[in-house]
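Notes to accompany the following structure.
The values are calculated or read from the model by the stated rules, or taken from the named source; none is laboratory data. Nothing here was measured: the structure is a model prediction, and the numbers come from that model. So basically every Cβ, Gly included, is an ideal-geometry build from the backbone, and we count neighbours across all protein chains shown. Accessible surface areas use protein heavy atoms only, side chains included; no ligands, DNA or RNA. Shrake-Rupley method; radii C 1.70, N 1.55, O 1.52, S 1.80 Å.
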Amino acid sequence: AITASAGGPEAVREVFRGLGDISDTALFLVLHGPAWMLETFATRLQREAQIPVRLAEDGMPVEPGRLLVAPGDWHMVVADGPVVRLHREAPENYMRPAADPLFRSMAAVFQRNAIGVVLTGMGRDGTLGASEISAGGGVVLCQDPRTAVAPSMPQTAVNAGVATSIVPL
C-alpha cells in the first residue's frame with residue numbers, strides 16, 4: 001500500500017517507472033485529491049505502469065498484478081476475503097481518502113506480509129496505520145524526507161520510529 005499527497009503524482013509515477021516485475025503483488029494507492037484528479041491520474045499512470053491500474057470499486061477481489069487507486073472522497077480498506085471495501089466514514093487527518101484506514105486494514109489482513117510506503121506529502125497521514133503494519137511484523141518504507149517535495153508525511157513516520165527503511169525516491 002502506497003500513500004502520497006503534495007508532490008505525490010510525480011513521485012508515484014517515478015516509483016512505478018523504477019519497479020521491476022511486480023505481477024505477483026497486489027498494490028493499493030491512496031493519493032490525496034479530488035475525484036476528478038484521481039480518475040485522471042489513474043488513466044495517466046496506466047500508460048506508464050507495467051500492470052493494470054484501476055480506480056477501486058467496493059467488493060473488488062484483491063488480486064496480484066493490479067494497482068487499485070482509492071477513488072476521491074472514499075476511504076479504501078482491505079477486508080477478509082480479501083476484498084476491497086470503500087466507505088465514507090469521517091475524514092482522517094482531514095483527508096478522505098486517507099492512508100491510515102488502508103494501512104490499518106493491511107496490517108489486520110496481511111499481517112507480516114503487509115508493506116506500507118509513505119511518500120511525499122504534507123501532514124501526518126499514514127503514520128498511525130504504518131505503526132500497525134510495523135507492530136504486526138510488516139515492512140514500512142518511507143521516502144527520505146530530504147528527497148520529498150513536501151517532507152512532513154514521511155518525516156512524521158520516521159520520527160514515530162515506524163520506518164523499517166528510509167529510502168530515496
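First measure r as the distance between the Cβ atoms of ARG112 and GLU10, then evaluate 1/(1 + (r/R0)^6) with R0 = 41 Å and state the FRET efficiency to the nearest 0.05.
Efficiency, rounded to the nearest 0.05: 0.85.
Roughly how many Å² is the accessible area per residue of the chain, as a whole number, for a 1.4 Å probe?
Solvent-accessible surface per residue comes out at 46 Å².
Only one of the values (1) 10.5; (2) 12.5; (3) 8.1 was calculated from this structure for mean projected area of the Cα convex hull in nm²; name its label.
(3)
Of the beta bridges DSSP finds with both residues in the chain, what % are antiparallel, to the nearest 5?
Once the DSSP bridges in the chain are tallied, antiparallel ones form about 25 percent.
Run through segment 87-151 and list the GluC sites (Glu not before Pro) located in a DSSP loop whose Cβ has at most 15 other Cβ atoms within 10 Å.
GLU89
Taking 0.36 nm per intervening residue step and subtracting the Cα-Cα distance, what contour gain separates VAL83 from GLU39 on full extension?
13.8 nm
I'd like the carbon and sulfur percentage of the solvent accessible area for segment 79-132, probe radius 1.4 Å, heavy atoms only, ligands and nucleic acids excluded.
52 percent
Could you tell me the convex hull volume per residue, in Å³, taken over the Cα atoms of segment 80-145?
80 Å³
If you filter segment 21-106 for chymotrypsin sites (Phe, Trp or Tyr not before Pro), then keep DSSP loop positions with at most 16 other Cβ within 10 Å, what is left?
TYR94
Can you show me the helix-derived [θ] at 222 nm for the chain, built from DSSP H runs with n ≥ 4 at -39,500 (n - 2.57) apiece and divided by the number of residues, rounded to the nearest 500.
Counting only the DSSP helices, I get -9500 deg cm²/dmol.
Using a/c under 1.5 as the rounded threshold, could you call segment 51-111 rounded, prolate or oblate? The axes a ≥ b ≥ c are square roots of the C-alpha gyration tensor eigenvalues, and prolate needs a/b larger than b/c, oblate otherwise.
Oblate shape, in that a/c is at least 1.5 and b/c is the bigger or equal ratio.
Once you have a ≥ b ≥ c as the square roots of the Cα gyration tensor eigenvalues for segment 1-88, tell me rounded if a/c is under 1.5, and otherwise prolate or oblate according to whether a/b is larger than b/c.
In terms of gyration-tensor shape, oblate.
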